[in-house]
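Notes follow the structure.
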Amino acid sequence: MSVTRRIVRAGGWGIAKRIIKPIPVVGSVLAFGLAGYEIRKKGLIPGAIHVGLDMTPLVGTAKGVLELFTGDLIPDKPKKNGTLITPTTPRKPYSRD
């Protein structure tokens with residue numbers, strides 16, 4: 001996926017958050033402010049690790065710059081509605097009888 005397409009798809013707030021996070025002091029404040037959201041989105045342990053890395057000045061900056069190009073390093077937890085990302089059983093092909 002190209003960088004331009006990612007920027008258009010991410011929306012304004014997502015772009016602002018990704019640009020501000022690498023700035024050491026401002027990024028730490030932003031990471032602390034979004035801690036509850038990130039923990040809810042990723043789960044307790046992965047979310048806490050994500051926030052801890054973002055709040056550490058040099059590590060958070062490096063992680064923020066890397067995530068600008070690669071996306072999140074720590075994935076979100078699956079949705080609660082029980083849908084799987086990949087189906088467990090193959091589907092039967094559609095046929096007109």
Query raised in the report: Do we find that K41 is assigned to a helix (DSSP H, G or I), at pLDDT 75 or above and of a type outside the set (A, V, I, L, M, F, W, C) in this structure?
Result: yes
Query raised in the report: Pairs, please: C-beta under 9 Å, at least 6 apart or cross-chain, first residue closer than 17 Å to K42 by Cα and in the range 56-80, second assigned to a loop (DSSP other than H, G, I, E, B) and at pLDDT 80 or above?
Result: K63/T56; K63/L73; E67/L73; D76/G43; K77/G43
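The values are calculated or read from the model by the stated rules, or taken from the named source; none is laboratory data. All values derive from a computational prediction rather than experimental measurement. FYI the Cβ positions are ideal-geometry reconstructions off the backbone, even for glycines, and counts take in every protein chain you see.
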